[in-house]
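Visitor: Below: one structure in C-alpha cells.
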Amino acid sequence: MSRFGLVIFTSLLIAACGPKQLEPDADFECSNCEDWNRPQEPFRLYGNTWYVGTAGLSSILIETDGGLILIDGGLPQSAAVIDTNIRSAGFDPSQISAILVSHAHFDHAGGVAALQRVTGAAVYSSVEGAKALRSGELQSDDPQFLHGPDNTSYAAIKNVIAIADRDIVTIGNVDVTAVYTPGHTPGGVSWSWESCALGTCYDVVYADSLTAVSAVGYRFSAGPAANQLIESAGTIAELDCDILLSPHPFFFGMQDKLERREEGNPFVNNVACMFYAESSLDWLEQRLKSEGKEKIDPAIIGDW
Ligand SMILES: [Zn+2]
C-alpha cells in the first residue's frame, strides 16, 4: 500500500472505530426554545447525581457501578449541549445504558432520539408515555394536543420500554423507581432514587411537571386531567423526598440555589416536594376558576 493509501486507510479506520458522534435532529422552534437551550455548566447535585441539562431544561445523570442513567433529553437542539456537559463532567456518554423520560413533550423528549443514537441506551417511560415517545407525537388526550403536530412533534424514539407504576429500573447499584404522575400529560412519570455521600444518604425525587397548561380550546374541567393532577400532587407530597428536581430547573429554584452553595447544599430540603405539590394545586385552582369564565386567561396557558 502506498504511503498516501496508508494515510487514507488509517483515517478510515479511526473514523470507524472512534467515538460515535452525535447527529443532532433538526432544531425545534418555539418562543422559549432559545432561552431554554442556553448552556449551563454541569455540576454535582449530590453524591451520584449530576445536573447535565441546559439552563432551562433539566437533564440528570446518575452514576452507578454498572453504567450511567440519564433522565430527560431536552429539545432536539439540547442533545449536543447535554452530550458536551456529560463529557465535561468527566463521563463517557457511551456508558449510558438507560434514558428515563418524565413526559413526552418536545422540550424533554425532543433530544432523546439523538442521545439514544450516541449511547445505544434503552428508553424507559410509563405505558401511556411510551406510546407517545414511540410515535414522536402527542396523544389525542394530551392537554396540548390542539397545538397541532407541526408545533409539537419530534423524532420518534426506538426501543422504548414501558414500565408499570412503582416498577424499578436497576442499573448497577442504583434502583430508580417509576412513580406515575399523570395530568400534565396522560403518561407523566416522576423518578426517585437514593443518593449517598460520606455515609449520608438522601432520597432524590425528579418530580414531573404538574402544571395545568394546555393548548387553547382544552378544558381541564372537562376531562380526567384535573383529577389526575390532584392525585399526582398528593403522590409527590407523600414521597420520601430530601432533594427535589424537576423537568424545568426553575421549578426547583436551581439558579437561586447555585448562588447559595457556600451555605452548604441548598438542594437538600425535605419539604420541597410538599411545596411543589401545593403550588401545582394552586395553579390548577386558578386554572379551573379561569375555565369558569367565558374566556380562559391567556396568562395561565403556556407551553411548559
Ligand atoms: Zn410539558
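The values are calculated or read from the model by the stated rules, or taken from the named source; none is laboratory data. Remember, predicted model here, so these are calculated numbers, not experimental data. Using ideal geometry, Cβ is built from the backbone for each residue, glycine included, and neighbour counts are taken over all protein chains shown.
Visitor: With respect to Q116, is the statement that it is in contact with a Phe, Trp or Tyr (Cβ under 8 Å, 6 or more places away or on another chain) and of a type in the set (S, T, N, Q) true?
Guide: The answer is no for Q116.
Visitor: Inside the stretch 104-218, counting only helices (runs of 4 or more DSSP H) that do not spill past its ends, which hold 1 or more residues that are without any contact (Cβ under 8 Å) to a residue 40 or more places away in the chain and buried (at least 17 other Cβ atoms within 10 Å of the Cβ)?
Guide: 127-135
Visitor: Within 13 Å of the ligand (Cβ to nearest atom), over 19 Å from L239 (Cβ atoms) and modelled with pLDDT under 95, is that true of A155?
Guide: No.
Visitor: Would the stretch 225-239 turn up any residue that is of a type outside the set (A, V, I, L, M, F, W, C), in a loop (DSSP other than H, G, I, E, B) and over 17 Å from Y51 (Cβ atoms)?
Guide: No, the stretch 225-239 contains no residue that is of a type outside the set (A, V, I, L, M, F, W, C), in a loop (DSSP other than H, G, I, E, B) and over 17 Å from Y51 (Cβ atoms).
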